[in-house]
Amino acid sequence: MYGTYQQQQQHHGRLSEEEVLQGMLRQRHWYAKQDPHHGYHHSFRSKTGWELVRLSLLIVGIECTYATETALVAPILLSIGLPHTVMTMIWATPSIAGLLFAPVIASISDRLRSRWGRRKPVLLVLGASMLTGMLILPHGRAVGRLLGITGVEWLALITTVGLVMCDFSAETSNGLCRTYAMEVCTIRDQTRVLSVMVLTGGVGATMGALFGAIDWNRLGVGSYLGGSSASVFAANWIVLFVGLVVTLSSFAEIPLPVQETDPLLRPVTQKMLLDEVRRLNAKDPLSLSELDSRELQLEPAGGFRQFLWNLVHMPRSMKILCLTQLLSHMSYLTYCLYYTDFVASTVYEGDVRAADGSPASNRYADGIRFACLGMALCSFTSSIYSTFIERFIERFGARPVYVFGLLAHSCGMLAMGLFPQKVVVFLCCALTGVMYATIYSIPFLLISHYHSKNCFSEVDGRYVESIEKRGFGVDVSMMSSMLCLAQLVVSLSMGAVVDAVGSPLIITFISCGFMIFASVAASAVLYMGL
């Protein structure tokens, strides 16, 4: 098997990169298939569309959770009796947990030596935490009555515990799920699986938003499950549970000890491919055993020390990419945290603290459901756009596509602030969907691109191979941590701004400003020919 593509070289001269890759994959696929008990051969073949969807179903549940939280957590906290300032500060608690513990969890995942793999055990624990938090979050009052406590501060504490379990686990799982999917796919399938994840994630977010747009009390389900909000979370719980089970049962990971002891059961990276192309085309006399010994160096084991090393010694390309992602998330979260309240209170002129059944309370509830329809449009647009983003990158390049995606949201926020009418705030959500598909595909694709070539810098127009080893899982987690940092900044500041101005209308202009800065940063990102 190993000599197959060496023999092709004798007949055709120089081998192309694609020919060498297919030869390496065939060799490893055949080798792994000799051991039917482990089933690792799937890592060395192209995945079908349905298999990519199976890998992405957990993202459906995560995005559905995000949509449900975005639509309902702010109204739940405000209905307890909290002001906007305190409500947004509570939103900061999952971010603090994320900044402190998400990189540690990702580092542990990088060096986990479980027979089940490195990512799946961690995803299972985080999934269980999400499911538990989702049961607590909408039932703060019921849990309080069960414990004999009814004060506002205790209800806020109970709700916060559910929020932290749900939101922190979702944020941490998001990056790890993408890492897992890219590691069990070939390097040619990594772009495909990221695009499918954005597509299916948009479906999940659309489902979550549509759940919020349904009047569950009128259907009779709300009275049985404990209210309309509780019904939305119950539907979300089922989606998340199914997604977790399907994704974790999809493909076996190759455990770290196996990769360390058997080079032919190590996923083919871009660097391995380029080394093999140079070796074959230069007719390097290295034997297979010598090649295997050279390939034995894996990426460094993780750990919090490795994370700090990666953070302190972050190359300029990663710094700019992280800054772009931070500003993008600050803009998006400013919109997210207040969109439903903005529509319900500004567009519909409702009042969240009005007595139940009063005209102001009914208008607020109608506004929430209408806002959920807008969020559904955002998610639907994100799904559709994600199917074309790879073609756009191939035709126009990653830089114009990245900058355009960010500016689309900026224009939408500006129009929404200048013309706060139903039609405008609804249609502008489509532009936010374009942005959402952009920030959840291109940055992760760039990180994979950097690591596959082991290049993070450019000198005099040439890409320089890095001599410092960086953990792939840690870098993906670092990118995901920008969401936690952005949520922390927004949570600690936006509430005071809204209370000072007296209207959530101001958030549209703030979101627009953040995204303009993000687009400027995106223009300076290192794209390395992508």
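The values are calculated or read from the model by the stated rules, or taken from the named source; none is laboratory data. Remember, predicted model here, so these are calculated numbers, not experimental data. Here Cβ is always computed from backbone atoms with ideal geometry, including for glycine, and neighbour counts include all displayed protein chains. The accessibility values were calculated without ligands, DNA or RNA, using every heavy atom of the protein model including side chains. Shrake-Rupley method; radii C 1.70, N 1.55, O 1.52, S 1.80 Å.
Numbers for the structure displayed
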quantity: Failed criterion for S293 (all others in (1) modelled with pLDDT under 85; (2) polar (S, T, N, Q); (3) in contact with a Leu (Cβ under 8 Å, 6 or more places away or on another chain); (4) open to solvent by 30 Å² or more (accessible area, probe 1.4 Å) hold); calculated: (3)
quantity: Qualifying residue in the stretch 435-443 (condition: assigned to a helix (DSSP H, G or I), in contact with a Cys (Cβ under 9 Å, 6 or more places away or on another chain), more than 24 Å from Q270 (Cα to Cα) and modelled with pLDDT under 90); calculated: yes
quantity: Residue list for the stretch 26-65, restricted to those being surrounded by fewer than 22 Cβ atoms within 10 Å (Cβ to Cβ) and under 30 Å from R369 (Cα atoms); calculated: V53
quantity: Criterion (over 30 Å from P75 (Cα atoms) and of a type in the set (S, T, Y)) met by exactly one of S519, S493; calculated: S519
quantity: Residue check, L57 at pLDDT 85 or above, closer than 20 Å to W116 by Cα and of a type in the set (A, V, I, L, M); calculated: yes
quantity: Any hit, the stretch 434-457, residues being open to solvent by 20 Å² or more (accessible area, probe 1.4 Å) and under 15 Å from A524 (Cα atoms); calculated: yes
quantity: Matching entry among R192, R141, R178, R115 (being of a type outside the set (F, W, Y) and crowded, with 24+ Cβ neighbours inside 10 Å); calculated: R178
quantity: Filtered residues of the stretch 465-521 (kept if of a type in the set (S, T, N, Q) and either open to solvent by 60 Å² or more (accessible area, probe 1.4 Å) or under 30 Å from L112 (Cβ atoms) (or both)); calculated: S466, S477, S480, S481, Q487
quantity: Flag if V424 is without any contact (Cβ under 8 Å) to a residue 24 or more places away in the chain, over 16 Å from the mean Cα position of the chain (by Cα) and not in a helix (DSSP H, G or I); calculated: no
quantity: The stretch 351-371, residues that are open to solvent by less than 30 Å² (accessible area, probe 1.4 Å) and in contact with a Pro (Cβ under 9 Å, 6 or more places away or on another chain); calculated: Y364, I368
quantity: L78 vs. criteria open to solvent by less than 10 Å² (accessible area, probe 1.4 Å) and either closer than 22 Å to V239 by Cβ or not in a helix (DSSP H, G or I) (or both); calculated: no
quantity: Criterion (open to solvent by less than 30 Å² (accessible area, probe 1.4 Å) and more than 23 Å from R178 (Cα to Cα)) met by exactly one of G374, G405; calculated: G374
quantity: Filtered residue count, the stretch 118-152, keeping only those that are under 20 Å from the mean Cα position of the chain (by Cα) and in contact (Cβ under 8 Å) with a residue 60 or more places away in the chain; calculated: 9
quantity: Qualifying residue in the stretch 225-240 (condition: surrounded by 24 or more Cβ atoms within 10 Å (Cβ to Cβ), of a type in the set (V, I, T) and modelled with pLDDT of 90 or more); calculated: yes
quantity: Meets criteria (open to solvent by less than 10 Å² (accessible area, probe 1.4 Å), farther than 23 Å from R141 by Cβ, small (G, A, S) and assigned to a helix (DSSP H, G or I)) for G201; calculated: yes
quantity: Where a residue in the stretch 398-421 is aromatic (F, W, Y) and its partner, wherever it lies, is crowded, with 18+ Cβ neighbours inside 10 Å and outside any helix (DSSP H, G or I), with Cβ under 8 Å and at least six apart; calculated: Y402/V525
quantity: Some residue of the stretch 349-371 being under 24 Å from S56 (Cα atoms) and part of a helix (DSSP H, G or I); calculated: no
quantity: Selected residue [more than 27 Å from R188 (Cβ to Cβ) and either touching a strand residue (DSSP E or B) at 6+ places or on another chain (Cβ under 8 Å) or modelled with pLDDT under 80 (or both)] from S493, S481; calculated: S481
quantity: Failed condition for L155, given (1) in contact with a Gly (Cβ under 7 Å, 6 or more places away or on another chain); (2) open to solvent by 30 Å² or more (accessible area, probe 1.4 Å); calculated: (2)
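Results for (1) out of contact with any Leu (no Cβ under 7 Å at 6 or more places or on another chain); (2) under 21 Å from A142 (Cα atoms); (3) among the hydrophobic types (A, V, I, L, M, F, W, C), shown as yes or no for each residue.
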| residue | (1), (2), (3) |
| --- | --- |
| D167 | yes, yes, no |
| S173 | no, no, no |
| L176 | no, no, yes |
| V193 | no, no, yes |
| I214 | yes, no, yes |
